[in-house]
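The values are calculated or read from the model by the stated rules, or taken from the named source; none is laboratory data. Just so it is clear, the structure is predicted and the values come from calculations on it, not from any experiment. Virtual Cβ from ideal backbone geometry, glycine too; neighbours counted across all protein chains shown. Heavy atoms of the whole protein, side chains included, go into the accessibility calculation; ligands, DNA and RNA do not. Shrake-Rupley method; radii C 1.70, N 1.55, O 1.52, S 1.80 Å.
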Amino acid sequence: MFDLTGKVAIVTGGSRGIGRATAITLASRGARVLVGFVSGEEAAKEVASVIETAGGHAEPARFDVADGEGAARAVGEHAKRLGQLDILVANAGISIDALLPRLKTEDFDRILDVNLKGAVACAKGAIRSMMRAKRGRIIFVSSVVGEMGNAGQTAYAASKGGLLAAAKSLAREYASRNVTVNAVTPGFVETDMTGALTAEQKEAMLGVVPLARAGTPEDIAAGIAFLASDEAGYITGQTLRINGGMYM
């Protein structure tokens with residue numbers, strides 16, 4: 001099940017955390033994976049090396065999702081060069097936390113540029129190839145915060161909530177071409193982003209997770225692999241919550 005042999009995937013923010021786990025998981029199921037990154041070239045090369053060593057196929061792909069036109073163009077060019085693009089995982093994201101009175105306009109803009117506008121730009125770059133092929137999977141990596149909100153994360157929540165709305169609209173636009181568009185909403189996951197939290201903050205977050213543990217990047221990657229597969233062909237415009245019960 002969930003065989004991706006012969007498929008081509010782009011994973012943005014693929015050099016670490018959820019993106020890294022997703023790239024490795026998709027490749028383990030047979031996909032050729034482009035590991036998207038804007039910085040951390042060595043980390044992206046390391047992910048590609050892990051995949052190649054395991055017998056898969058991968059390559060680093062540098063482009064900045066915050067440069068909307070450039071990102072759309074890069075994704076389209078990669079699809080043209082490889083002859084196909086079957087899976088786009090729009091995972092790249094940042095968080096700049098602040099209570100509203102302290103939220104700088106430039107920080108708000110930066111979060112939207114990367115998390116929301118960047119993801120949609122990548123989808124724009126992928127969609128023509130997918131429409132021609134009459135098949136495709138677009139998966140936005142949102143967040144539980146985009147559904148339930150969180151104090152001090154107004155901008156981040158807005159960007160991630162926007163992805164859920166974008167997925168629904170794009171799902172309606174391209175269903176006739178057999179292109180599905182879905183989102184996943186990770187909960188509290190052990191990544192570099194959550195690693196900056198204090199022990200007290202982590203304990204508080206785990207206190208509202210019924211499964212009583214943090215998620216792993218591999219937990220999220222497994223859900224993404226399912227949505228990328230042929231078995232998920234009748235699922236579109238949906239949000240897959242992978243949060244240990246944190247939000248139901």
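Structure values in brief
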item	result
Carbon and sulfur %, accessible surface of the chain computed with the full protein complex present, 1.4 Å	52
25 Å Cα-Cα reach of Lys7 towards lysines, excluding residues that sit fewer than 8 places from it in its own chain	Lys45, Lys80, Lys124, Lys134, Lys168
For region 182-248 versus region 52-75, the gap between their alpha-carbon centres in whole angstrom	23
Structure-derived Rg and Dmax of the Cα atoms in Å - corresponding label in [x] 21.2, 81; [y] 16.9, 51; [z] 17.2, 55	[y]
Length-normalised contact order of region 38-110 in % [C-alpha pairs under 8 Å, at least 6 apart]	20
Computed FRET value (nearest 0.05) for Met1 with Asn178, which takes r as the C-beta separation and R₀ as 25 Å	0.80
Of Ala79, Gly30, Ser159, farthest towards positive along the dipole that unit charges on Lys, Arg, Asp, Glu beta carbons give the chain	Ala79
Heavy-atom SASA rank of Thr180, Thr105 (probe 1.4 Å, accessible area, largest first)	Thr105, Thr180
In degrees, nearest ten, helix 154-174 long axis to first principal axis of the chain (Cα)	30
Rounded to the nearest 10 Å², the accessible area of Glu106 at probe 1.4 Å	110
Partners for Lys202 among lysines (Cα-Cα distance below 28 Å; same-chain residues under 8 apart left out)	Lys104, Lys160
Using a Förster distance of 35 Å, the FRET efficiency for Ala199-Arg81 (Cβ separation, nearest 0.05)	0.15
Asp109-Arg135 pseudo-label distance in nm [points 7 Å out on the Cα-to-Cβ vector]	4.3
Probe 1.4 Å, all protein chains present, accessible-area order of Thr53, Thr185, Thr236, largest first	Thr53, Thr236, Thr185
Sequence of Lys168, Lys80 when ordered by accessible area, the most exposed leading, probe 1.4 angstrom	Lys80, Lys168
Distant-in-sequence amide H partners of Gly215 (H built 1.01 Å from N, under 5 Å)	Phe188, Val189, Glu190
Relative contact order of the chain, defined on C-alpha pairs under 8 angstrom at six or more residues apart (%)	20
Mean residue ellipticity (222 nm) of the chain, computed from DSSP H runs ≥ 4 via -39,500 (n - 2.57), nearest 500	-13500 deg cm²/dmol
Built amide H within the under 5 Å cut-off of Leu240, gap 5+	Ala183, Val184, Thr185
Nearest-0.05 FRET efficiency for Glu190 and Ser39, computed from C-beta distance (R0 25 Å)	0.70
